[in-house]
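Visitor: Please see the structure below; I have some questions.
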There are 2 protein chains.
Amino acid sequence: MNFRIAIVGSGAIGSYYGAKLAHGGSDVHFLMRGDLSEIRREGFSVHGKGENFRVAKFNCYNSTEEISRCDLVLIAVKATSNADLVDLVPPLLHQRTALLTLQNGLGNEEFLAAHFGAERILGGLCFICLNRISRTLVERYDYGHIVIGEYGRAPQSRTHAIASEFKRCGVECSVVEDLALERWRKLVWNIPFNGLSILAGGIDTAAIIADKDLLRSTRALMDEVIAAANKCGHQLARGAADEQMRRTETMDAYKPSTLIDFENGKGLEIEAIWGEPLRRAAAAGTPTPRLEILYSLLKSLEQARQRAARTDNRPL
Amino acid sequence: MNFRIAIVGSGAIGSYYGAKLAHGGSDVHFLMRGDLSEIRREGFSVHGKGENFRVAKFNCYNSTEEISRCDLVLIAVKATSNADLVDLVPPLLHQRTALLTLQNGLGNEEFLAAHFGAERILGGLCFICLNRISRTLVERYDYGHIVIGEYGRAPQSRTHAIASEFKRCGVECSVVEDLALERWRKLVWNIPFNGLSILAGGIDTAAIIADKDLLRSTRALMDEVIAAANKCGHQLARGAADEQMRRTETMDAYKPSTLIDFENGKGLEIEAIWGEPLRRAAAAGTPTPRLEILYSLLKSLEQARQRAARTDNRPL
């Protein structure tokens, strides 16, 4: 199967996985903003642990009309930009185009399903540490594998075909039976670590687990998320928290991506990571007092920052 | 009764109430750090709503040995400096000297009782908005009344005598039967508003209650504090939260003192306001998940700030 693939969202995630696919010989087309002359001239490079390569011919475009119809669209915009997809995606669609969202948190598959039809939608979870250095370079620090699944369905033949295409291009990719369960499992880590790292003053995972009170809050948040997942019908074992804590203890000190975004003044996916899980927990009748307070604080902190940014940029 | 009074702690609270007493003709002696020549020459002034006065002869000293024995000592240092009191207080004591702490939160009476004897100790809660402008000037914005009580005892004749002395000097002062109950009642406000205002990005009381999610967190924190107080044997009615919310809705937008301290790089009384109530709730077996997370975040944020301050001050 020869996929024609579009990448919508050229941040670190979209660029990296798109570049891997292009480097592996897939037919990949990137939507990018702004002046494309440099990247068309120089191509796109990936540096990092055990991999250094350049995609010399990087097919990029300012509009999805220019890309036109594809078999697979990777959605990698920030969830805060989802509204833009309503106009961006249609030119890419034919009858059987699949949309694979690599976005974080909950609610993105539902958004895409509502606009483009549930049968097109797959979701993927990326386990990777990346940094977009410039328009033409991304650095990969660690990991890289993707877990993909169908939205609200068991895997189909296309699911395995997409996974095979990733694997053929050197991306570790596994197919899961229950995508929603995996999304909740990832939130067990993201909700505490991404949130606390920002609110506690910009600290990394090692600093969080070295502080006995923050560690207790982390564990308690994990337990809340597991209880909420279970109440929402996704069978996460209690042991999921232990497993994630062990993994975090053995990994190097790590700044969660949302903390890096926060420090760089970029928008946070507050609704996808904290808001939507909180609303689903509330709808299922599970108390999540810690998640509730994390959400209210992050939302307000983000608004305070946006106000400050507007003031800084006010014309003199 | 002619009190000889010492003021230990010459921040806004100590200076203001000491100045009121001195202006009313009490025999007041201030412990102050640093060069005293300016304040001895110029005296100390209070400006504000409905009051403008200067204490021309402001008795201040660099040591408590110079002040020597007093009948009443007002303790107004930050709780974070309590360890200094162990050496500062003894020169002020005679057999019947009373110690009245005007500090915030829980644990200060216990600290003083452990070092100087429980029978000496009284506590006071100050309801006031002040700002120390300079070494010789404090501005009072609103309120001013004090609520005092005995530590672990019903009011005694000295309690009423101290209250009368305040009243004679123009400070509204009432005597309460149960000091600990009043401390918890004040925490019902301080725990949410002081904590959230800092963690949510430096916002005032009006901004907190205008945000529906922060408002919900505020109410839920108040309920946790009331439940903890009740479990610790202090009968706070559920209605205490409604009462405080109504008061907050009618007052002007107000930055809690800890937020102002935080913004000015001054130390926060985290243990007195959040840590000690949390420990008492835990000891009594009351779950306080929101208080727990607030405490862990504030402590870490404060440490992050202290690290940043040390880095900023590093010699070149």
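The values are calculated or read from the model by the stated rules, or taken from the named source; none is laboratory data. Not measured: the values here are computed from a predicted model. Using ideal geometry, Cβ is built from the backbone for each residue, glycine included, and neighbour counts are taken over all protein chains shown. Each accessible area value is taken on the protein alone, full model and side chains, heavy atoms only, with ligands, DNA and RNA left out. Shrake-Rupley method; radii C 1.70, N 1.55, O 1.52, S 1.80 Å.
Visitor: Just to verify a result, which residue in segment A:88-120, among those that are of a type in the set (A, V, I, L, M) and part of a strand (DSSP E or B), is surrounded by the fewest Cβ atoms within 10 Å (Cβ to Cβ)?
Guide: Applying the filter and picking the extreme gives A:98.
Visitor: Follow-up. Residue under question is residue B:65, and the condition is that it be farther than 24 Å from residue B:169 by Cβ and either without any contact (Cβ under 8 Å) to a residue 24 or more places away in the chain or surrounded by fewer than 22 Cβ atoms within 10 Å (Cβ to Cβ) (or both); does it hold? Outline the logic, then answer.
Guide: On the way: farther than 24 Å from residue B:169 by Cβ: yes; either without any contact (Cβ under 8 Å) to a residue 24 or more places away in the chain or surrounded by fewer than 22 Cβ atoms within 10 Å (Cβ to Cβ) (or both): yes.
It is true that residue B:65 is farther than 24 Å from residue B:169 by Cβ and either without any contact (Cβ under 8 Å) to a residue 24 or more places away in the chain or surrounded by fewer than 22 Cβ atoms within 10 Å (Cβ to Cβ) (or both).
Per-residue answers, yes or no, for (1) under 24 Å from residue A:96 (Cα atoms); (2) touching a residue at least 12 places away in the same chain (Cβ under 8 Å); (3) in contact with a Phe, Trp or Tyr (Cβ under 7 Å, 6 or more places away or on another chain); (4) assigned to a loop (DSSP other than H, G, I, E, B):
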| position | (1), (2), (3), (4) |
| --- | --- |
| A:10 | yes, yes, yes, yes |
| A:16 | no, yes, no, no |
| A:25 | yes, yes, no, yes |
| A:39 | no, yes, yes, no |
| A:57 | no, yes, no, yes |
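Visitor: Can you tell me which residues in segment B:252-265 are under 20 Å from the mean Cα position of the chain (by Cα) and touching a residue at least 12 places away in the same chain (Cβ under 8 Å)?
Guide: Step one: list which residues in segment B:252-265 are under 20 Å from the mean Cα position of the chain (by Cα), which gives B:254-265.
The answer is B:254, B:255, B:256, B:257, B:258, B:259, B:260, B:262, B:263, B:265.
Visitor: Return only the number of the condition from (1) assigned to a loop (DSSP other than H, G, I, E, B); (2) away from chain A (no Cβ under 14 Å); (3) buried (at least 23 other Cβ atoms within 10 Å of the Cβ) that residue B:253 does not satisfy.
Guide: Failed condition: (3).
Visitor: Can you name every residue in segment A:117-174 that is acidic (Asp, Glu) and in contact with a His (Cβ under 6 Å, 6 or more places away or on another chain)?
Guide: A:139, A:172
Condition check ((1) assigned by TED's automatic domain parsing to the domain that holds residue A:104; (2) of a type in the set (Val, Ile, Thr); (3) surrounded by fewer than 23 Cβ atoms within 10 Å (Cβ to Cβ); (4) in contact (Cβ under 8 Å) with a residue 24 or more places away in the chain) across all residues:
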{"position": "A:142", "(1), (2), (3), (4)": "yes, no, yes, yes"}
{"position": "A:145", "(1), (2), (3), (4)": "yes, no, yes, yes"}
{"position": "A:153", "(1), (2), (3), (4)": "yes, no, yes, no"}
{"position": "A:160", "(1), (2), (3), (4)": "yes, no, yes, no"}
{"position": "A:165", "(1), (2), (3), (4)": "yes, no, yes, yes"}
{"position": "A:187", "(1), (2), (3), (4)": "no, no, no, yes"}
{"position": "A:237", "(1), (2), (3), (4)": "no, no, yes, no"}
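Visitor: Suppose we filter segment A:43-80 for residues that are at pLDDT below 95, farther than 28 Å from residue A:271 by Cβ and of a type in the set (D, E, K, R); how many remain?
Guide: Total satisfying the criteria: 3.
Visitor: Any residue at all in segment B:286-305 that's touching a Pro at 6+ places or on another chain (Cβ under 6 Å) and open to solvent by less than 70 Å² (accessible area, probe 1.4 Å)?
Guide: Yes, segment B:286-305 contains a residue that is touching a Pro at 6+ places or on another chain (Cβ under 6 Å) and open to solvent by less than 70 Å² (accessible area, probe 1.4 Å).
Visitor: Has segment B:287-308 got at least one residue that is away from chain A (no Cβ under 14 Å), over 19 Å from the mean Cα position of the chain (by Cα) and more than 14 Å from residue B:183 (Cα to Cα)?
Guide: No, segment B:287-308 contains no residue that is away from chain A (no Cβ under 14 Å), over 19 Å from the mean Cα position of the chain (by Cα) and more than 14 Å from residue B:183 (Cα to Cα).
Visitor: In addition: Check off (1) touching a His at 6+ places or on another chain (Cβ under 6 Å); (2) closer than 24 Å to residue B:274 by Cα for residue B:84 and give me the number that stays unchecked.
Guide: Exception for residue B:84: condition (1).
Visitor: Which residue is most open to solvent (accessible area, probe 1.4 Å), if the candidates are limited to segment B:266-275 and must be among the charged types (D, E, K, R) and within 14 Å of the chain's Cα centre (by Cα)? First the steps, then the outcome.
Guide: The initial filter retains those residues of segment B:266-275 that are among the charged types (D, E, K, R), namely B:266, B:269, B:271.
Cutting the leftovers down to within 14 Å of the chain's Cα centre (by Cα) gives us B:269, B:271.
On the way: B:269: 17, B:271: 74 Å².
Here the residue is B:271.
Visitor: On the given criteria, is residue B:299 closer than 30 Å to residue B:131 by Cβ, out of contact with any Gly (no Cβ under 7 Å at 6 or more places or on another chain) and in a loop (DSSP other than H, G, I, E, B)?
Guide: No: the conditions fail for residue B:299.
Visitor: Hey, among B:210, B:228, which residue is open to solvent by 10 Å² or more (accessible area, probe 1.4 Å) and either out of contact with any His (no Cβ under 8 Å at 6 or more places or on another chain) or in contact (Cβ under 8 Å) with a residue 40 or more places away in the chain (or both)?
Guide: Values: B:228 fails: open to solvent by 10 Å² or more (accessible area, probe 1.4 Å).
Every option except B:210 fails the conditions.
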